[in-house]
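Colleague: Supplied in structure tokens, the structure appears directly below.
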Amino acid sequence: MRNFGNKNKKLSKGFTLLELLLVIAGIGILATIVFVVLDPATTITKTNNAKRLSDVQGILSAMELYSFDHDGNRAGTSWDTVTYDYEPICYGTTNDMPITCTSGSIDLTAHLLTDAKYLSAVPFDPSLISTPPSVGGDSGYEAKVLATGVVTIRSETNTAASVTAKFNP
């Protein structure tokens, strides 16, 4: 580019401070918009709730299949009586058999994990992913049986946004 003004002026070979500030401000605005749209906390919460729903539905499906194969009997111990409060479901996998569950836990492992016919493992709540439960410990899910025979299973950790499913044998 030719300089028609003062011949002693040198051509500028950089960006002005104003140009740099405008570009930095634009990048900041775009980053803020992307962060708000992709809000990681909300995404993680939605993902965990989807896993909880899938886990609860998987447990209930396994219980239904067991019930169909065993003349309407429920899988698990401590189901003979009505429980008005939720009780924790014992965690385990087919590789851990036989499993001794902690006291007060509902043991689905003996019935549902046998030969992995219904489940290969009792799932555990995604909030426990950093410190998975020990075999026989609490899975992070809980269940209760109503007087009508309806079995309700939900997540222990997120009862405010509880994922609940029901099964009536």
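The values are calculated or read from the model by the stated rules, or taken from the named source; none is laboratory data. For clarity, every value in this text was computed on a predicted model and none was experimentally measured. When we count neighbours, we look across all protein chains shown, and the Cβ atoms used for this are built from the backbone with ideal geometry, even at glycine.
Colleague: For the range 100-114, does any single residue satisfy the condition of being within 26 Å of Asp71 (Cβ to Cβ), at pLDDT below 75 and not in a loop (DSSP other than H, G, I, E, B)?
Modeller: Checking the range 100-114: at least one residue is within 26 Å of Asp71 (Cβ to Cβ), at pLDDT below 75 and not in a loop (DSSP other than H, G, I, E, B).
Colleague: Return a yes/no flag: does the range 5-22 have any residue that is surrounded by 10 or more Cβ atoms within 10 Å (Cβ to Cβ) and either modelled with pLDDT under 80 or under 24 Å from the mean Cα position of the chain (by Cα) (or both). Steps first, please.
Modeller: If we filter the range 5-22 for residues that are surrounded by 10 or more Cβ atoms within 10 Å (Cβ to Cβ), which is where we start, we get 15, 19-22.
When the remaining residues are screened for being either modelled with pLDDT under 80 or under 24 Å from the mean Cα position of the chain (by Cα) (or both), the result is none.
No: the range 5-22 contains no residue that is surrounded by 10 or more Cβ atoms within 10 Å (Cβ to Cβ) and either modelled with pLDDT under 80 or under 24 Å from the mean Cα position of the chain (by Cα) (or both).
Colleague: I'd like the residue in the range 63-91 that is at pLDDT 80 or above and crowded, with 19+ Cβ neighbours inside 10 Å and, out of all such residues, is nearest to Val150 (Cα to Cα).
Modeller: Among them, the one singled out is Met63.
Colleague: Out of everything in the range 53-62 that is out of contact with any helix residue (DSSP H, G or I) (no Cβ under 7 Å at 6 or more places or on another chain) and either not in a helix (DSSP H, G or I) or not acidic (Asp, Glu) (or both), what residue ends up being surrounded by the fewest Cβ atoms within 10 Å (Cβ to Cβ)? So that I can check it myself, show each step before the final result.
Modeller: Initial filter on the range 53-62 (out of contact with any helix residue (DSSP H, G or I) (no Cβ under 7 Å at 6 or more places or on another chain)): 53-61.
Keeping just the survivors that are either not in a helix (DSSP H, G or I) or not acidic (Asp, Glu) (or both) gives 53-54, 56-61.
Numbers: Leu53: 14, Ser54: 12, Val56: 22, Gln57: 14, Gly58: 17, Ile59: 26, Leu60: 17, Ser61: 14.
Among residues in the range 53-62 that are out of contact with any helix residue (DSSP H, G or I) (no Cβ under 7 Å at 6 or more places or on another chain) and either not in a helix (DSSP H, G or I) or not acidic (Asp, Glu) (or both), the one surrounded by the fewest Cβ atoms within 10 Å (Cβ to Cβ) is Ser54.
Colleague: In addition: For the range 130-161, which positions are at pLDDT 80 or above, surrounded by fewer than 20 Cβ atoms within 10 Å (Cβ to Cβ) and among the β-branched types (Val, Ile, Thr)?
Modeller: Within the range 130-161, just Thr152 meets the criteria.
Colleague: Assuming Phe167 fulfils every condition listed in (1) buried (at least 16 other Cβ atoms within 10 Å of the Cβ); (2) modelled with pLDDT of 75 or more apart from one, which condition is it?
Modeller: The number of the failed condition is (2).
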